[in-house]
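For reference, the structure discussed in these notes is given below.
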Amino acid sequence: MLDEPRDLQALLSSACRLRSLAFSGTDSHLTLNAHNAPHTLMTISTSDTPASPAPAGQRDELFSSPLSDPGLFRFDASVASVFPDMINRSVPGYATVVGMTGTLAAQHARPGSHIYDLGCSWGASLLSVAREPACDRCELIGIDNSAAMLEQAGSHLAQFPEARRIELRHADVLDSALEDASVVMMNYTLQFIPVQQREALLRRIREAMMPGDVLILSEKLTLPDPRLNEYLVDLHHDFKRQQGYSDLEIAQKRQALEDVLVPETRQAHVERLQKVGFSRCDVWFQCLNFGSLIAIA
Ligand SMILES: C[S@@+](CC[C@H](N)C(=O)[O-])C[C@H]1O[C@@H](n2cnc3c(N)ncnc32)[C@H](O)[C@@H]1O
């Protein structure tokens, strides 16, 4: 158990193997038994049948046609089916954060403890952790309240033998018991939790930890200076254009996310993390208005 990264150079050098950790295929085949009732466990078991790699989702074109009302953004089946493409083309630095999540987790993993991924979606961060030998003796648990997302996670992770020991739980993180957590990852999920419920969730995470354990918290951030904030929002839209999204797609998705994704400032995150009992925390990575914080219990 460490309270600080062991070797910064080692952390940084691992950043280059990141994209493949996020969403890629192999030639091994596994089957998944999934039940979508709340709090149901999903287990992954191997099959001998060779299969070609499953496609890593479809291209995100959900907002490409004019919609009379984009509605509220939800993690439903249509979003789940395109999620890897959507997040890679929408969140600058996503692949870096996913890969480094495994590296950071390895610094803090305690044998026999739990490593949780809250809002795990397709399980990209869990896969990154599962590939770290230092995490071999931890239980890896992904929690998500979208059955469609977990179904995709199950089939995706089933391609990777190292993901066999990942347990997926269909549950709301607000109702999920957490225990003996040496590592908790919450990448781009807290921003979807109602603001008034965030402190209680973070407090429960902290209470499940021992000194030296770690929370990796990645979020869209707002800047306190409105003009600078607008500047970064514009740059983020430029990033999305570079990734092939049209102005219509950007505008319609932005409308759908209004009041659903509620970002906060870096300072608000740090103050709340300290308030609930984390001893040290700060941003370890930021690209435009997307940042990732590390908080040490
Ligand atoms: C932006 S995605 C997270 C991406 C994922 N962590 C990754 O790095 O690929 C947010 C996820 O959080 C899940 N989610 C949102 N609110 C939740 C809640 N209250 N309980 C459980 N999962 C939740 C959504 O279903 C979605 O899969």
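Condition check ((1) within 16 Å of the ligand (Cβ to nearest atom); (2) in a helix (DSSP H, G or I); (3) at pLDDT below 95; (4) surrounded by fewer than 13 Cβ atoms within 10 Å (Cβ to Cβ)) across all residues:
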residue: Ile205; (1), (2), (3), (4): yes, yes, no, no
residue: Met209; (1), (2), (3), (4): no, no, no, no
residue: Lys220; (1), (2), (3), (4): yes, no, no, no
residue: Asn229; (1), (2), (3), (4): no, yes, no, no
residue: His237; (1), (2), (3), (4): no, yes, no, no
residue: Val262; (1), (2), (3), (4): yes, no, no, no
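Quick check on Arg206: is it under 22 Å from Thr101 (Cα atoms), among the charged types (D, E, K, R) and in contact with a Gly (Cβ under 6 Å, 6 or more places away or on another chain)? Yes: the conditions hold for Arg206. What are the residues in segment 112-127 that are over 19 Å from Ser155 (Cβ atoms) and either touching a helix residue (DSSP H, G or I) at 6+ places or on another chain (Cβ under 9 Å) or of a type in the set (Val, Ile, Thr) (or both), if any? Answer for segment 112-127, where residues must be over 19 Å from Ser155 (Cβ atoms) and either touching a helix residue (DSSP H, G or I) at 6+ places or on another chain (Cβ under 9 Å) or of a type in the set (Val, Ile, Thr) (or both): Ile115, Tyr116, Leu118.
How about segment 92-111: which of its residues are surrounded by fewer than 23 Cβ atoms within 10 Å (Cβ to Cβ) and in a loop (DSSP other than H, G, I, E, B)? Residues satisfying the conditions are Pro92, Gly93, Arg110, Pro111. Restricting attention to segment 112-141 and to residues that are within 9 Å of the ligand (Cβ to nearest atom) and in a strand (DSSP E or B), the residue that is surrounded by the fewest Cβ atoms within 10 Å (Cβ to Cβ) turns out to be Leu118.
Selection over segment 65-77 of residues that are among the aliphatic types (A, V, I, L, M) and within 12 Å of the ligand (Cβ to nearest atom) gives a count of 1.
Identify, please: which residue in segment 160-179 is among the small types (Gly, Ala, Ser) and touching a residue at least 12 places away in the same chain (Cβ under 8 Å) and is, among those, farthest from the ligand (Cβ to nearest atom)? Across segment 160-179, the extreme among qualifying residues is Ala163. Within the option set Gln242, Gln267, Gln191, Gln197, being surrounded by fewer than 19 Cβ atoms within 10 Å (Cβ to Cβ) and within 13 Å of the ligand (Cβ to nearest atom) holds for one residue only, Gln197. One residue alone among Leu104, Leu126, Leu118, Leu72 is more than 24 Å from Phe285 (Cα to Cα) and not β-branched (Val, Ile, Thr), and that residue is Leu72. Considering only residues in segment 56-87 that are crowded, with 19+ Cβ neighbours inside 10 Å and not hydrophobic (A, V, I, L, M, F, W, C), the one that is nearest to Gly244 (Cα to Cα) turns out to be Asp60. Could you tell me whether any residue of segment 78-97 is among the hydrophobic types (A, V, I, L, M, F, W, C), within 16 Å of the ligand (Cβ to nearest atom) and touching a strand residue (DSSP E or B) at 6+ places or on another chain (Cβ under 6 Å)? Within segment 78-97, one or more residues are among the hydrophobic types (A, V, I, L, M, F, W, C), within 16 Å of the ligand (Cβ to nearest atom) and touching a strand residue (DSSP E or B) at 6+ places or on another chain (Cβ under 6 Å). Against the list (1) part of a helix (DSSP H, G or I); (2) crowded, with 19+ Cβ neighbours inside 10 Å; (3) more than 15 Å from the chain's Cα centre (by Cα), the condition Leu178 fails is (1). Report whether or not Met149 is crowded, with 22+ Cβ neighbours inside 10 Å and more than 9 Å from the ligand (Cβ to nearest atom). When the stated conditions are applied, Met149 does not pass them. Against the condition touching a residue at least 60 places away in the same chain (Cβ under 8 Å) and buried (at least 17 other Cβ atoms within 10 Å of the Cβ), how does Leu248 come out, does it pass? It is false that Leu248 is touching a residue at least 60 places away in the same chain (Cβ under 8 Å) and buried (at least 17 other Cβ atoms within 10 Å of the Cβ).
Considering segment 270-297, the residues that are farther than 22 Å from Gly102 by Cβ and of a type in the set (Lys, Arg) include one that is surrounded by the most Cβ atoms within 10 Å (Cβ to Cβ), namely Arg272.
If you go through segment 56-111 and keep only what is β-branched (Val, Ile, Thr) and in contact (Cβ under 8 Å) with a residue 40 or more places away in the chain, you end up with Val79, Ile87, Val91, Thr96, Val97, Val98, Thr101, Thr103.
Looking across segment 60-76, the residues that are in contact with a Lys or Arg (Cβ under 8 Å, 6 or more places away or on another chain) and of a type in the set (Phe, Trp, Tyr) come down to Phe63, Phe73.
Here Ser218 passes the criteria (1) within 22 Å of Val283 (Cβ to Cβ); (2) in contact with a Leu (Cβ under 7 Å, 6 or more places away or on another chain); (3) touching a residue at least 60 places away in the same chain (Cβ under 8 Å) except the one numbered (2).
The values are calculated or read from the model by the stated rules, or taken from the named source; none is laboratory data. Everything numeric here is computed off the predicted structure, so don't read it as measured data. All Cβ positions, glycine included, derive from the backbone under ideal geometry; neighbour counts span all protein chains shown.
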